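Student: Input: one structure, supplied below.
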Amino acid sequence: MKPLRHRSALALGLSLCLAAEAQAQDLRISIYADITGLDPHDTSDTLSYSIQSGIFERLFQFDNQMKLVPRLATGYTSNDDATEFVVTLREGITFQDGAPFNAEAVKANLDRLADQSKGLKRNSLFNMVKTVTVLSPTQVKIELNKSFGAFVNTLAHPSAVMHSPEALKKYPDEAQLRVHPVGTGSFKFTEWQQGKDVKLVKNDSYWQKGWPKVDSVTFYPTPEDSTRVAALKSSQVDAIYPLPSDLLSTVQSDSKLAVQRDPGIDQFWLAMNNLRPPMNDIRVRQALNYAINRDVWLKVGFAGMGTPATSAMAPGVQFFQAQTTPSYNYDPAKAKALLKEAGYPDGISLKLWTTNRTDYIRSAQFFKQQLEQVGIKITVTPMDSGMRNAKLFGVKDPKDAEFDLFYNGWSPSTGDADWALRPLYATESWVPAAYNVAYYSSAAADKAIMAGLATADLGKRAAAYAEAQKVIWGDAPVVFLGTPDNLVGKAKNLSGVYMLADGSLIFDQAEFK
């Protein structure tokens, strides 16, 4: 039998310290669902984009105030009518497989995004790209088939990442590429066990010296809110994304934990079917806007953390303009008067559709209570996301749309007024073409929205979107509700893990203090 080895107290203490330090460099995050894949070009959900952001980078990205900043690019120029953009690239960067990042790599990726025959989920976002030309190893010229003033913001969309050109060649099959991601980011992909975890490890060759500060990141899909919070409280994980507002106090009361709170741009609304009586009457639509107390809605749905709506988009979106007329202050008497004026003195009955998430149902019940106070009887129908999508977005003929009201939110991941307004309020965006489930149509709004794309001049774009917001606000195609704050629960000694305003998780700046 081998003799037992005894270590000195000093050696033992040093060993324990080193072990603790090593353990502290492994970041563990509990997330609300599993990812759908690891190819951002073929992704449509914010959760997957969040994990992908550790592996990949874009030419332009957003800082924590949603301000556009260069990342793999250093800058750009454009012509006046926003049909041609020249992007200058950062030098000295390599992909995780050793391939050089240069103009050829950018062309390969933008060509893939622009190729409408690919059938990728984000091809339509880049359907304005006509040609991509390599001018030099550090410059590309992108010509568009139409004026598109929001193009640089579109290059900052979470899908517009740079894959290694070698990976694109090695895995031409989209199904393979989605599980073999290779980017320029601070973490490298190692493993995805569906339903169990996603693992990333530090990229030792990352071009931003000194980063990342942690050696690995592991994400654990945990759909049940209370289970995520329990894992954080018991130190099984270091952060949870997101922190449900109804469990906020549980985290706040724990001295080991902290809440990271940041403004969002995910604006919630009650879409009204503008084609169906009585919602085709502007007085009825405005009545509903006066009938809802937005401050109480924020308390019911989001622990009071957020901002009531003052426009058709959130304050953090580029070119936001607060509206004052109409005020849409909570005014049940005015709501009743408008309904009477519209010919409904005895009230109306409406169907409200919502997703079957607990917090959505809670908000829907609040709307029911509020609207019934002004004589509007509400039938709430919760449904799972599959049924909801089929019944809402599967409609081919607008006359077949069955809903009166639909509760949801929209986060414009380009951070620009174009993606906040055009998909929801332009006539060209009626379902099934895009997401205008309200079937709202206004020649004045369409003209202003398109004017915002016709130029790269920021002043002209601001004026166009100010007019669009004024028109949409007055027409009230939806009940404008507001924008909740983004909440992440985390260990108190963890910094650099937070949500961007678009709802995506940032973790590449994670550091244990």
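Student: Please list 3J(HN,Hα) in residue order for the range 202-217, calculated via the Karplus relation 6.51 cos²θ - 1.76 cosθ + 1.60 where θ = phi - 60°; whole Hz, with x for glycine and proline.
Tutor: Values per residue, Gly and Pro as x: 4, 8, 5, 9, 4, 6, 8, 4, x, 10, x, 8, 10, 7, 7, 9 Hz.
Student: About its Cα centre, how strong a charge dipole does the chain have in debye, to the nearest 20, once Lys and Arg get +1 and Asp and Glu get -1 at the Cβ? Don't skip to the answer; put the middle values down first.
Tutor: On the way: 54 positive and 54 negative charges, 172 e Å.
Dipole about the Cα centre, nearest 20: 820 debye.
Student: I'd like the carbon and sulfur percentage of the solvent accessible area for the chain, probe radius 1.4 Å, heavy atoms only, ligands and nucleic acids excluded.
Tutor: Accessible surface attributable to carbon and sulfur in the chain totals 51 percent.
Student: Roughly how many Å² is the accessible area per residue of the range 57-208, as a whole number, for a 1.4 Å probe? Each step should come with its number before you reach the end.
Tutor: Values: 6580 Å² over 152 residues.
For the range 57-208, the solvent-accessible area averages 43 Å² per residue.
Student: Take the alpha-carbon centre of the range 275-335, take the same for the range 340-403, and report the distance between them in whole Å.
Tutor: Their Cα centres are 16 Å away from one another.
Student: Sticking with this structure for a sec: Mind computing the radius of gyration and Dmax over the alpha-carbon atoms of the range 40-176? Å is fine for both.
Tutor: Radius of gyration, then largest Cα-Cα span, for the range 40-176: 14.0, 41 Å.
Student: Starting at the first residue of the range 240-255, write each ³J(HN,Hα) from the Karplus equation 6.51 cos²θ - 1.76 cosθ + 1.60 with θ = phi - 60°, in whole Hz, x for Gly and Pro.
Tutor: These are the phi-based 3J(HN,Hα) values: 10, 10, x, 8, x, 5, 6, 10, 4, 5, 4, 7, 4, 7, 9, 5 Hz.
Student: Can you list the residues, at least 5 places off or on another chain, whose amide H is less than 5 Å from the amide H of Asn486, using H built in the peptide plane?
Tutor: For Asn486, whose amide H was placed from the backbone, the distant partners under 5 Å are Asp262, Gly264.
Student: Output wanted: per-residue J couplings in Hz (rounded whole) for the range 99-113, from phi through Karplus 6.51 cos²θ - 1.76 cosθ + 1.60, θ = phi - 60°, x for Gly and Pro.
Tutor: Per-residue couplings from phi come out as 5, x, 8, 7, 4, 5, 5, 5, 4, 4, 6, 5, 4, 5, 5 Hz.
Student: Which three lengths, in whole Å and largest first, does the range 95-246 cover when its Cα atoms are put on their principal axes?
Tutor: 54, 35, 29
Student: Still on this structure: For the chain, what is the mean residue ellipticity at 222 nm derived from helices alone (per DSSP H run of n ≥ 4: -39500 (n - 2.57); sum divided by total residues; nearest 500 deg cm²/dmol)? All intermediate terms of the calculation are to be shown ahead of the outcome.
Tutor: Values: 16 runs with 153 residues, N = 513.
Helix-only estimate at 222 nm: -8500 deg cm²/dmol.
Student: Still on this structure, please answer the following. Given all pairs of different Cα atoms, what value in angstroms does the Kirkwood hydrodynamic radius of the chain take?
Tutor: Values: mean 1/r = 0.0407 Å⁻¹.
Result for the chain, one decimal place: 24.6 Å.
Student: Also, quick follow-up: Rounding to the nearest 20 debye, state how big the charge dipole of the range 334-401 is about its Cα centre with +1 on each Lys and Arg Cβ and -1 on each Asp and Glu Cβ.
Tutor: Working: 12 positive and 7 negative charges, 13 e Å.
Dipole magnitude for the range 334-401 comes out near 60 debye.
Student: Now for a different question. What's the local net charge at Gly496, with K and R +1, D and E -1, over the other residues with C-beta under 12 Å away? Mind showing how you got there, number by number?
Tutor: Working: positive: Lys213, Lys490, Lys513; negative: Asp238, Asp508, Glu511.
After counting each charged neighbour, the total is 0.
Student: Roll a 1.4 Å probe over the protein chains and send me the accessible area per residue for the range 227-331 in Å². Please report the intermediate quantities before stating the final value.
Tutor: Details: 4080 Å² over 105 residues.
Here the residues of the range 227-331 average 39 Å² of exposed surface.
Student: Quick one: angle between helix 332-341 and the longest Cα principal axis of the chain, in degrees between 0 and 90, rounded to 10, please.
Tutor: 50
Student: Would you tally the net charge around Phe85, using a Cβ to Cβ cut-off of less than 9 Å, leaving Phe85 out, and scoring K and R as +1, D and E as -1? Provide the component values of the computation, followed by the final result.
Tutor: On the way: positive: Lys141; negative: Glu84, Glu143.
With Lys, Arg at +1 and Asp, Glu at -1, the net is -1.
Student: Pull up all non-local amide H partners of Thr381: gap of 5 or more, or a different chain, and H-to-H distance under 5 Å with H placed in the peptide plane.
Tutor: Amide H neighbours of Thr381: Leu352, Trp353, Thr354.
Student: Looking at this model, which pairs from Lys107/Lys169; Lys188/Lys213; Lys188/Lys256; Lys351/Lys470 are more than 22 angstrom apart at the alpha-carbon?
Tutor: Values: Lys107/Lys169 13 Å; Lys188/Lys213 14 Å; Lys188/Lys256 30 Å; Lys351/Lys470 28 Å.
Violating the 22 Å Cα-Cα cut-off are Lys188/Lys256; Lys351/Lys470.
Student: Ok, one more. Dipole magnitude of the range 230-385 about its Cα centre, charges +1 at Lys/Arg Cβ and -1 at Asp/Glu Cβ only, in debye to the nearest 20? Could the numbers behind the result be given before it?
Tutor: Numbers: 16 positive and 13 negative charges, 70 e Å.
That gives a dipole near 340 debye.
Student: Apply 1/(1 + (r/R0)^6) to the Cβ-Cβ distance of Ser205 and Lys146, taking R0 = 35 Å, and write down the FRET efficiency to the nearest 0.05.
Tutor: Numbers: r = 40 Å, r/R0 = 1.13.
Once rounded, the FRET efficiency stands at 0.30.
Student: If you average the alpha carbon positions of the range 67-103 and of the range 427-502, how far apart do those two centres end up, in angstrom?
Tutor: 26
Student: Please state, rounded to one decimal and in Å, the Kirkwood hydrodynamic radius that the range 384-445 gives when every pair of distinct Cα atoms enters the mean of 1/r.
Tutor: Values: mean 1/r = 0.0808 Å⁻¹.
Across the range 384-445, the inverse of the average 1/r is 12.4 Å.
Student: Considering amide H positions built from the backbone, and no H for Pro or chain starts, which residues 5 or more places from Arg71, or on another chain, come under 5 Å of its amide H?
Tutor: Under 5 Å from the amide H of Arg71 lie the amide H atoms of Phe60, Gln61, each far enough along the sequence or on another chain.
Student: Now for a different question. In Å², and per residue, what accessible area does the range 468-513 have when probed at 1.4 Å with the other protein chains present?
Tutor: 23
The values are calculated or read from the model by the stated rules, or taken from the named source; none is laboratory data. Here the structure is a predicted model, which is why all the values come from computation and not from measurement. Because the Cβ atoms are built from the backbone with ideal geometry, glycine has one as well, and the counts that use them run over all protein chains shown. These accessible areas exclude ligands, DNA and RNA; they are computed on the full protein's heavy atoms, side chains included. Shrake-Rupley method; radii C 1.70, N 1.55, O 1.52, S 1.80 Å.
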